[in-house]
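**Q** What follows is a structure written as C-alpha cells; I'll ask about it next.
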Amino acid sequence: MKKYIVLATIFIMFFQSCKLKINDKKSSLTSPNKNIEVTFFLSDNGEPHYTVNYKNEKIIDTSKISFDLKEAPVLGRNFKIVTTEKSLVDETWNMIWGEDKKVRNHYNKLQIYLEETSRLKRKLTIVFKVYDDGIGFRYEFPKQKHLTEVVIIDENTEFNLTGNHKVWWIPGDWDIYEYLYNTTKFSEIDALKHYKPETHLGQTYVPENAVNTPVTMKTDSGIYLSFHEADLTDYSGMTLAVDTVNLKMKSELVGNKESIKVKRQTPFKTPWRTIQITEKPGDLIESKLILNLNEPSKIDSIPYFKPMKYAGIWWDMHIGTGSWDYSGTYHAANTTYAKEVINFASEHNIKAVLIEGWNIGWEKWWNKKEKKVHFDFVTPYPDFDLKEIVRYGKSKGVELVMHHETSADITLYEKQLDTAFALMKDLGIHSVKTGYVSSLIPEGEYHHGQYMVNHYQKVLEKGLENQVVINAHEPIKATGKRRTYPVAIAREGVRGQEYNAWSDDGGNPPEHLTIVPFTRMLGGPVDYTPGIFNTSLKPYKNNNQINTTLAHQLALYVVLYSPVQMVPDLIKHYKGQPAMQFIKDVGVDWNTSKVLDAEIGEFIIMARQERGTNNWFLGAITDENKRQLNVKLDFLDNNKTYIAKVYKDKPASHYHKNPEVYTIETLEVSNKSILELNLAEGGGCAISFKEK
C-alpha cells in the first residue's frame, strides 16, 4: 500500500473474477454483513438498471441509468455485459484530523464492463461499492475510439423510491445552499415555492422542482436514507429532480448558459452516487461512507495546521457595530481593534483570529456594476498594518486567518491567486477563509457547476502548494475531498449563524440545527460559527435574535463538527461569563464521536473524545419543544471516575423569552452513571468530562 495510508488492519482479497457469457444480463452484490443487496441488470433492449434491498425490503425499485450526449446518440441502450469483477476490501486508515482517529473501509465491490452491440461499440464501466451502511456507484468512461470528447447534456441516474417517505430537504439551487430545511412527505416537495429570484445578492437559481444533496429520508418502516455524492472532481454538482407523482428522483446536473453540464476527455470517472442506509438516525452521522469513497490523502501529515478555535472581526459587521469598507461609519478591521481581539484570543486558549475587511475593495463589494475599486488580496486599508498584526499575533501565540472575499469575480481572483498565496507564505499565514458572495463572473456559470468545481479544486491545490488550509464559504458542497486534500478543513454551504442577525424571516428556528447534522453535515465539516452569548442581540438589533438558549450555543461546539470552530461574538459579551470556560476547554479534534440519541428535527445528543487529552465532551440540543432526556454515560472508560461540569438551561430558560440564563453544576460520574437532561424550549446542555 502507498505510504500515506496508515493501516491498523488490511485484508484485500479478490474472491471472484468471472467472464460472463454475452447473454448474461444480471449481477448482484451484498454488503459484508449481507443486509444490503444491489442487483444490476440489463433490460431486453440493453438498458442498464439497478435495485437496492435492505434486509429483504426493497429500498430502491428498478431504476434506469443513461447519459444524453451532445451531438451523439444516447449512451444507455444496446449494451451487453462483457465481463464483471468482484472483490472485497477491508482496511483501516488514520485521519490526519477529524471526528474519529481511525476509519474502517470495508466493502464489497462489483465492476461491470459494458459495451454497445451497435456499430459504435462504445464502452462504459459501472462500479458499485456496497458497505454495511450504504452504497456508492460511479461511471467510468474508458479511452476509446468512438468516444473521445464527452459533452454531457444530462446524466440520467434514477432513484425510484418505494414509498412516500418523510423528507428533510432544501431546494436544488444551482448557486447557494443557504436555505432552511423543509420537512414534508416526498409527494409534497415543492422547491419552486421557496425560490425567490434576485435574493442572496442575485446568487440563486432554481430551474425546476429539485432538491440539493445530502437529502435525507425516513421510510414508513423506520429505515433512514440519505442521498448524496462523493469525490466531486472535474464534474458538475448533482441536484435531484423530483417526480412527486411517481415517487422518483433523477440526477440533474448543474449546467451553464450553453446548457452543457460536463465536458471531459476520456478516460475519466464520474463522482460516486451515494445512498446511506441505516436503522438509526445517528448512524448516518457516524458513517464514513462519503469519506471512504474518496482517494487517500495526498500528504502524510499537515504540520502547519492543527485544529483550533478562532475569534475574529466578523460579527461586528453583521450586527452593525462595524463595517467592512474603509468609508463606513466605523471600519472594524483596524490595527488597534485587531490587537484587542488578539489579546482576548491569547487569554482564552483561542489559537487564531479572522479579520474581515482588511484589504481594499470593500466599497459596494456586492454590486459589480457600481463597484469602482476591485478587491486586492495583498493591499491593506491605511488603518490596518498587516505585517504588524501578524507579528503581534505570533508574539501572543495567535495566528492570523487570512480572508479572501471575491464577490464571486472568479476571473479577477484567479489572476491574483499566485500573489495572494505567495503573500501568505511569506508572512507565515497558514489558513484562509474564502468567500464567493453574489452571482458569478464569468456570467452564465453557477457556483455548483463544473467551472466552479474546478476553481475550488484549483484553490485547494494552491493551498497544498503553499501550506495554506482552506475554509470556503459559498462553496461547492462537501463530498469527502478532505480525505484526499486535508487542506480542505471546512466550508459553509449552510444557512449559518449570520442569518439570525439580519434575515427578515425571523432567523433560524430552533429546529434548524437538529436537522443540519443529518443533512448538510453528512457531507463534511460545517463552519456554522456557534457560540453567540448575547443571543438577544440587544441593543444592536430590535427585530432579530438568536433562536436558542446560551446553553444550546455551547452544545453546538460538540454537536456540529468542524476542525475550526469560531468564537464569534463581540469580546465584551464573553467577559465575566463562567460559560466561557466550556469554550476554553472544548476540543476540536477527536479520537471518536458517538451519537447517543437523536430524532431528526427534534433533538440530538452527541459525545466526542478529544485527541491528546482523552477528555470527553457532550452536547445536547432540542427544537422549540422542551424535553427531558436520560443519557447513559457508558461511553466513558471502565473503572474510572470523571468530574463532569454541566452547563445547562435554568427552569426559566426559553429561547425567545429568557435565552441567556444558565447554570453550571459539577458532578462525579462513571460509565455506569445516567444523567437526566432537562432542555428548555430551544435549549441545550454542554458537558465536559475530565478524569478525576
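The values are calculated or read from the model by the stated rules, or taken from the named source; none is laboratory data. Remember, it's a predicted structure, so these values are computed and weren't measured experimentally. All Cβ positions, even for glycine, are placed from backbone atoms using ideal geometry, and neighbour counts span all protein chains on display. Note: accessible area is taken over every heavy atom of the protein model, side chains too, but ligands, DNA and RNA are not part of it. Shrake-Rupley method; radii C 1.70, N 1.55, O 1.52, S 1.80 Å.
**Q** Considering only the stretch 88-121, state which residues are open to solvent by less than 10 Å² (accessible area, probe 1.4 Å) and in a strand (DSSP E or B). Lay out the reasoning, then the answer.
**A** First, pick out the residues of the stretch 88-121 that are open to solvent by less than 10 Å² (accessible area, probe 1.4 Å): 98, 103, 105, 110, 112, 114, 116.
Hits for the stretch 88-121 are 103, 105, 110, 112, 114, 116.
**Q** Here's something else I'd like to know. Starting from the stretch 120-149, take each residue that is among the aromatic types (Phe, Trp, Tyr) and list its partners that are open to solvent by 40 Å² or more (accessible area, probe 1.4 Å) and assigned to a loop (DSSP other than H, G, I, E, B), counting only C-beta distances under 7 angstrom and pairs at least six apart or across chains.
**A** Qualifying pairs under 7 Å: 141/267.
**Q** Take residue 30 and tell me if it is under 24 Å from residue 88 (Cα atoms) and open to solvent by 20 Å² or more (accessible area, probe 1.4 Å). Quick ask: steps written out before the conclusion?
**A** Details: under 24 Å from residue 88 (Cα atoms): yes; open to solvent by 20 Å² or more (accessible area, probe 1.4 Å): yes.
Taking the combined requirement at face value, the residue satisfies it.
Rundown of residues vs (1) modelled with pLDDT of 95 or more; (2) touching a Lys or Arg at 6+ places or on another chain (Cβ under 9 Å); (3) part of a helix (DSSP H, G or I), yes/no style:
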| site | (1), (2), (3) |
| --- | --- |
| 291 | yes, yes, yes |
| 297 | yes, yes, no |
| 303 | yes, no, no |
| 306 | yes, yes, no |
| 310 | yes, yes, no |
| 327 | no, no, no |
| 336 | yes, no, yes |
| 346 | yes, yes, yes |
| 350 | yes, yes, no |
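Residues checked against (1) open to solvent by less than 30 Å² (accessible area, probe 1.4 Å); (2) in contact with a Cys (Cβ under 6 Å, 6 or more places away or on another chain); (3) under 23 Å from residue 237 (Cα atoms):
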position	(1), (2), (3)
422	no, no, no
440	yes, no, yes
446	no, no, yes
452	yes, no, yes
458	no, no, yes
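**Q** Among the residues of the stretch 660-677 satisfying the criterion of being part of a strand (DSSP E or B) and of a type in the set (D, E, K, R), which is nearest to residue 644 (Cα to Cα)? It would help to see each step written out before you state the result.
**A** Step one: list which residues in the stretch 660-677 are part of a strand (DSSP E or B), which gives 662-669, 674-677.
Add one more test, that the residue is of a type in the set (D, E, K, R), and what stays is 665, 668, 676.
Working: 665: 8, 668: 6, 676: 13 Å.
Looking at residues that are part of a strand (DSSP E or B) and of a type in the set (D, E, K, R), I get 668.
**Q** Taking strands (runs of 3 or more DSSP E) that fall entirely within the stretch 132-222, which contain at least 1 residues that are under 30 Å from residue 32 (Cα atoms) and in contact with a helix residue (DSSP H, G or I) (Cβ under 6 Å, 6 or more places away or on another chain)? Reasoning before the result, please.
**A** Values: elements: 134-141, 149-161, 166-169, 182-185, 215-218.
Qualifying strands (runs of 3 or more DSSP E): 134-141, 166-169, 215-218.
**Q** Given the criterion open to solvent by 10 Å² or more (accessible area, probe 1.4 Å) and at pLDDT 95 or above, identify the matching residue among 476, 489.
**A** So the residue among 476, 489 that is open to solvent by 10 Å² or more (accessible area, probe 1.4 Å) and at pLDDT 95 or above is 476.
**Q** Could you tell me whether residue 371 is free of Cβ contacts under 8 Å to residues at least 40 places away in the same chain, of a type in the set (Lys, Arg) and in contact with an Asp or Glu (Cβ under 9 Å, 6 or more places away or on another chain)? If you could, list the steps in order and put the result at the bottom.
**A** Details: free of Cβ contacts under 8 Å to residues at least 40 places away in the same chain: yes; of a type in the set (Lys, Arg): yes; in contact with an Asp or Glu (Cβ under 9 Å, 6 or more places away or on another chain): yes.
When the stated conditions are applied, residue 371 passes them.
Per-residue answers, yes or no, for (1) within 30 Å of residue 225 (Cβ to Cβ); (2) acidic (Asp, Glu); (3) touching a helix residue (DSSP H, G or I) at 6+ places or on another chain (Cβ under 8 Å):
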| residue | (1), (2), (3) |
| --- | --- |
| 570 | no, no, yes |
| 574 | no, no, yes |
| 580 | no, no, no |
| 584 | no, no, no |
| 599 | yes, yes, yes |
| 602 | yes, yes, yes |
| 611 | no, no, no |
| 632 | yes, no, no |
| 652 | no, no, no |
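**Q** Checking residue 97 against (1) more than 30 Å from the chain's Cα centre (by Cα); (2) within 30 Å of residue 306 (Cβ to Cβ), which single condition isn't satisfied?
**A** (1)
**Q** Moving on to the next point. Is it true that residue 601 is on the phi > 0 side of the Ramachandran plot, more than 22 Å from the chain's Cα centre (by Cα) and modelled with pLDDT of 95 or more? If you could, list the steps in order and put the result at the bottom.
**A** Details: on the phi > 0 side of the Ramachandran plot: yes; more than 22 Å from the chain's Cα centre (by Cα): no; modelled with pLDDT of 95 or more: yes.
In short, no.
Condition check ((1) farther than 17 Å from residue 343 by Cα; (2) within 28 Å of the chain's Cα centre (by Cα); (3) exposed (fewer than 14 other Cβ atoms within 10 Å of the Cβ); (4) of a type in the set (Lys, Arg)) across all residues:
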position	(1), (2), (3), (4)
361	yes, no, no, no
364	yes, no, no, yes
369	yes, no, yes, yes
381	yes, no, no, no
384	no, no, no, no
393	no, no, no, no
399	no, yes, no, no
409	yes, yes, no, no
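**Q** Tell me which residues, restricted to the stretch 172-208, are touching a strand residue (DSSP E or B) at 6+ places or on another chain (Cβ under 7 Å) and crowded, with 19+ Cβ neighbours inside 10 Å. So that I can check it myself, show each step before the final result.
**A** Step one: filter the stretch 172-208 for residues touching a strand residue (DSSP E or B) at 6+ places or on another chain (Cβ under 7 Å), giving 172, 179, 181-186, 189, 191, 194-195, 206, 208.
Residues satisfying the conditions are 172, 179, 181, 186, 189, 191, 206.
**Q** Just the residues that are touching a His at 6+ places or on another chain (Cβ under 9 Å) and not aromatic (Phe, Trp, Tyr), please, taken from the stretch 495-529.
**A** 495, 496, 497, 498, 500, 501, 510, 513, 522, 523, 527
**Q** Test residue 543 against the stated conditions and say whether it is more than 28 Å from residue 237 (Cα to Cα) and either more than 14 Å from the chain's Cα centre (by Cα) or surrounded by 22 or more Cβ atoms within 10 Å (Cβ to Cβ) (or both).
**A** On the way: more than 28 Å from residue 237 (Cα to Cα): yes; either more than 14 Å from the chain's Cα centre (by Cα) or surrounded by 22 or more Cβ atoms within 10 Å (Cβ to Cβ) (or both): yes.
In short, yes.
**Q** Are any residues in the stretch 511-527 open to solvent by less than 10 Å² (accessible area, probe 1.4 Å) and assigned to a loop (DSSP other than H, G, I, E, B), and if so, which ones?
**A** 519, 523, 524, 525, 527
**Q** Select, from 204, 219, 184, the only residue that is hydroxyl-bearing (Ser, Thr, Tyr), in contact (Cβ under 8 Å) with a residue 24 or more places away in the chain and within 20 Å of residue 284 (Cβ to Cβ). Can you show your working first?
**A** Numbers: 204 fails: within 20 Å of residue 284 (Cβ to Cβ); 184 fails: in contact (Cβ under 8 Å) with a residue 24 or more places away in the chain.
Just one listed residue meets the conditions, 219.
**Q** Can residue 166 be described as closer than 25 Å to residue 439 by Cβ, touching a residue at least 24 places away in the same chain (Cβ under 8 Å) and open to solvent by 30 Å² or more (accessible area, probe 1.4 Å)?
**A** no
**Q** Also, quick follow-up: Would a scan of the stretch 136-154 turn up a residue that is crowded, with 18+ Cβ neighbours inside 10 Å, of a type in the set (Gly, Ala, Ser) and more than 25 Å from residue 408 (Cβ to Cβ)?
**A** yes
**Q** Listed residues 570, 537; which is surrounded by fewer than 24 Cβ atoms within 10 Å (Cβ to Cβ), at positive phi and out of contact with any Ser or Thr (no Cβ under 6 Å at 6 or more places or on another chain)? Break it down into steps so the answer makes sense when it comes.
**A** Details: 570 fails: at positive phi.
Checking each option against the conditions leaves just 537.
**Q** Restricting the search to the stretch 604-631, which residues are among the acidic types (Asp, Glu) and either at pLDDT below 95 or in contact with an Asp or Glu (Cβ under 6 Å, 6 or more places away or on another chain) (or both)?
**A** Taking the stretch 604-631 as the starting set, the residues that turn out to be among the acidic types (Asp, Glu) are 610, 623-624.
Listed by number, the residues that qualify are 623, 624.
**Q** Another question, then. Within the stretch 40-54, which residues are open to solvent by 20 Å² or more (accessible area, probe 1.4 Å) and hydrophobic (A, V, I, L, M, F, W, C)?
**A** 41
**Q** Since residue 77 meets every condition but one in (1) without any contact (Cβ under 8 Å) to a residue 40 or more places away in the chain; (2) closer than 16 Å to residue 130 by Cα, which condition does it not meet?
**A** That leaves (2) as the condition not met.
**Q** Going through the stretch 224-279 one residue at a time, which ones are open to solvent by 10 Å² or more (accessible area, probe 1.4 Å), of a type outside the set (A, V, I, L, M, F, W, C), assigned to a strand (DSSP E or B) and under 15 Å from residue 209 (Cα atoms)?
**A** Hits for the stretch 224-279 are 243, 248, 250, 252.
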